[in-house]
Amino acid sequence: MSTIAEKKEKVSVPFDYNKYLRPNKLPHIWCPGCGHGIVLKALLRAIDRAGLEKDNICMVSGIGCSSRTPGYVDFNTLHTLHGRAMAFATGVKLAKPELKVIVITGDGDALAIGGNHFIHACRRNIDMTVLVMTNSTYGMTGGQYSPTTPLDAIATTSRYGNIEPPFDACEMARASGATFVARGTAYHTIELERTIHDALVHKGTSIVDVIDACPTYFGRANKYKSATHMMELIEKDGTVNVKQAEKLPPEKLEGKVLRGVLHKVERPEYCEQYENLIMQKAAAKK
Amino acid sequence: MAITATKGQTGLTGNSAVAYAMKQVNPDVCAAYPITPSTQIVEDFSGYVADGEVTTELITVESEHSAMSACIGAAAAGARVMTATSSQGLALMWEMLYIASGMRLPIVLANVNRALSAPINIHCDHSDSMGARDSGWVQLYSETVQEAYDNVFMALRIAEHKDVLLPAMVCLDGFITSHAIENISLLDDQEVRQFIGSYSAKASLLDIEGAPTFGAMTLPDTYIEFKRQQSEAMTRAKDAAIEVMKDFGKRFGREYGLFETYRLEDAEAAIVVLNSAAGTTKVAVDALRKEGKKVGLLRPRLFRPFPWQEIAEALKGAKAVAVLDRADSMNAFGGPVFSEVRSALYDLDSRPRVMNRIYGLGGRDYKVKDAVEVFNEALKAAETGRVDTLVKYITL
């Protein structure tokens, strides 16, 4: 029987985030109310839970608010060009297949300017985990509409409402050949940690679309009362876990976005196939 | 939010002034993608579009690669086309910059100068537009908000000039000019319309009768002739620029030339520098002149085509010239402005000593004391006839 004090100790030991951070690079640049910090914390806990060594991780990013993440973490980090994170990450993974490659990107970065790289990484099923922080906004440049901005939403470039239909990052990843596709939100932080963990331990291209509202631009432009109000409406009320969804009647699912692991299959991983081919050809030559 | 500006003196940032100039031009098409520090140009402009103050089709595409591609498509269809970008945005347009000039499409682009990655930096230097200096675009540089605003109209006229038909780029310094509010004088819409005139493309994809083709395959039997024509057009762009700037001065009272000189006539030592750093340098010129030192400034405005004869003529009286570059060519032989100026001076019978100082990369401040130090070095070279260090980084 453990004492109350011991029990208390057990449940209240705070997670040591600093172990994975570069404290001298903090504070971060994210706005008050932005969920990027919550997503980063979930990612660090998931990394810890997966038992990954920080020197064996390479985090790659492009440009945008989410892409500032590698600056704050004590891994091997590569901050690259707008849209190109997955292309750079492909190079890293091919050169050092033993590294755990994690790409941190946003919806504008991954799905607009970098859409080409996104679909081709998925198609190859190269082993990397990609977190797409979807806030439906170009936050860093002032709130332009992005490829995930809902129809009719207001952005600095759609004053009368957006007329471009949005992408569903998960549908796109699945159609492109990704072998692990999931969605989380900054609101469901414990679930998000679990989802990211499952993505990290999956072999192949794992895509996690993280709905993560931008109160500064999207929120203000679309008249959300506060960051929390926005999180509740978009992330909490606007989504439903895929397992719960199975039990719900269709009318209850109308307009809801599914969370959790949406697609998981096993398919040969690109680096392994590459290696196998080399070994086969080398063996045939002997 | 669109800026409501009226004629007369008003305070605007460089970006808002360029956006306002675009509004007054009212181009047929603008395709753009956001990038710091130029974003505000298209943001303001999208306000004008939303408010129905222009009839422009604004296309917010998914990358700068697509932005310039859409601009080219629209221009080939006979539209008057404008856009804006910076740094990596211009770099991502690279392929298309050559297509625009090769197809002889008079697109006007405002480039808010920002350093190129890596490492990432969002602040001012000229590595973006200097990298594009051989892409066949006319390049105009601007010291102030007023000049950036005025240059937009002049760039358009030069680009669309019947003897030119080349795309043109207006460059202004990121943050220093793009985000600083300056007092500027705006033109009437009517004055702008009269100055720029209406645009009718010489060849258009919408011309069903003529059915022209753009960018078709040319093999060794014809390619070089196309390039020669393009090169000759660039040569003619200088005369077109002189004509356009003269007309601008006559109409609106603001006189511009191929370059600006400041107290250069009897100067023994001169600095050659682009854009906003010229303002700082002028303060240093005045201070040193008070001490009796004969110093002056030459600020190129038209960098492409490069008016080498005129610049050599203007600098020939100086004993020493320090060329300041806010970009490095990484050739171990100085920056791009230096190479051009030094080459221009070669044919003079008696040449000034020339040195190159690379300054202000990635937005590092260039202060009056930096200009004074350079002048002192140049004065020493003027006196001794010797340059100790040809190329050197300053403002470190």
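The values are calculated or read from the model by the stated rules, or taken from the named source; none is laboratory data. Because the structure is a prediction, the values reported are computed rather than measured. Please note: Cβ atoms are built from the backbone with ideal geometry, for glycine as well, and neighbour counts cover all protein chains shown. Note: areas computed on protein heavy atoms with side chains; ligands, DNA, RNA excluded. Shrake-Rupley method; radii C 1.70, N 1.55, O 1.52, S 1.80 Å.
When you scan the range A:117-134, do you find a residue that is assigned to a strand (DSSP E or B) and open to solvent by 10 Å² or more (accessible area, probe 1.4 Å), even just one? Yes: the range A:117-134 contains one or more residues that are assigned to a strand (DSSP E or B) and open to solvent by 10 Å² or more (accessible area, probe 1.4 Å).
Restricting attention to the range B:188-229, which residues are of a type in the set (S, T, N, Q) and touching a Gly at 6+ places or on another chain (Cβ under 6 Å)? Selection gives B:Ser204 alone. When residues in the range B:45-56 are screened for being surrounded by 23 or more Cβ atoms within 10 Å (Cβ to Cβ) and under 16 Å from B:Leu109 (Cβ atoms), 1 of them pass. For the residues B:Gly279, B:Gly335, B:Gly363, the requirement of being open to solvent by less than 10 Å² (accessible area, probe 1.4 Å) and within 22 Å of the chain's Cα centre (by Cα) singles out B:Gly335. In the range B:97-104 there is no residue that is in contact with a His (Cβ under 6 Å, 6 or more places away or on another chain), outside any strand (DSSP E or B) and either in the same structural domain as B:Thr235 (by TED's automatic domain parsing) or open to solvent by 40 Å² or more (accessible area, probe 1.4 Å) (or both).
Residues in the range B:237-253 include none that are over 17 Å from the mean Cα position of the chain (by Cα) and farther than 30 Å from B:Ser185 by Cβ. Count of the range A:147-172 residues, restricted to those that are more than 10 Å from chain B (Cβ to nearest Cβ) and β-branched (Val, Ile, Thr), is 4.
B:Val61 passes every criterion in (1) at the interface with chain A (Cβ under 9 Å from one of its Cβ atoms); (2) within 24 Å of the chain's Cα centre (by Cα) apart from (2). State yes or no: is A:His188 within 19 Å of the chain's Cα centre (by Cα), under 22 Å from A:Val240 (Cα atoms), more than 14 Å from chain B (Cβ to nearest Cβ) and open to solvent by 10 Å² or more (accessible area, probe 1.4 Å)? It is true that A:His188 is within 19 Å of the chain's Cα centre (by Cα), under 22 Å from A:Val240 (Cα atoms), more than 14 Å from chain B (Cβ to nearest Cβ) and open to solvent by 10 Å² or more (accessible area, probe 1.4 Å). Give the range B:19-58 a look and list any residue that's farther than 30 Å from B:Ile120 by Cβ and within 11 Å of chain A (Cβ to nearest Cβ), or say none. The answer is B:Tyr48, B:Val49, B:Ala50, B:Asp51, B:Gly52. Can you confirm whether B:Ser69 is more than 10 Å from chain A (Cβ to nearest Cβ), in contact with a Pro (Cβ under 9 Å, 6 or more places away or on another chain) and either without any contact (Cβ under 8 Å) to a residue 12 or more places away in the chain or farther than 9 Å from B:Val29 by Cα (or both)? No, not satisfied.
Each residue in the range A:111-153 was checked for being in contact (Cβ under 8 Å) with a residue 12 or more places away in the chain and acidic (Asp, Glu), and 1 pass. When each of B:Cys30, B:Cys71 is tested for being farther than 22 Å from A:Leu81 by Cβ and either buried (at least 23 other Cβ atoms within 10 Å of the Cβ) or modelled with pLDDT under 95 (or both), the lone residue that passes is B:Cys30. Annotation note: of B:Ser127, B:Ser86, the sole residue that is within 12 Å of another protein chain (Cβ to nearest Cβ), closer than 20 Å to B:Phe303 by Cα, at pLDDT 95 or above and surrounded by 23 or more Cβ atoms within 10 Å (Cβ to Cβ) is B:Ser86. When A:Pro165 is tested against (1) in contact (Cβ under 8 Å) with a residue 60 or more places away in the chain; (2) part of a loop (DSSP other than H, G, I, E, B), exactly one condition is not met: (1). Listed conditions (1) on the phi < 0 side of the Ramachandran plot; (2) touching a residue at least 24 places away in the same chain (Cβ under 8 Å) are all met by B:Gly215, apart from (1).
A single entry from B:Ile158, B:Ile176 fulfils the requirement of being among the aliphatic types (A, V, I, L, M) and closer than 30 Å to B:Ser200 by Cβ: B:Ile158. Open to solvent by less than 70 Å² (accessible area, probe 1.4 Å) and in a loop (DSSP other than H, G, I, E, B) - does that describe any residue in the range B:370-384? Taking every residue of the range B:370-384 in turn, none turns out to be open to solvent by less than 70 Å² (accessible area, probe 1.4 Å) and in a loop (DSSP other than H, G, I, E, B).
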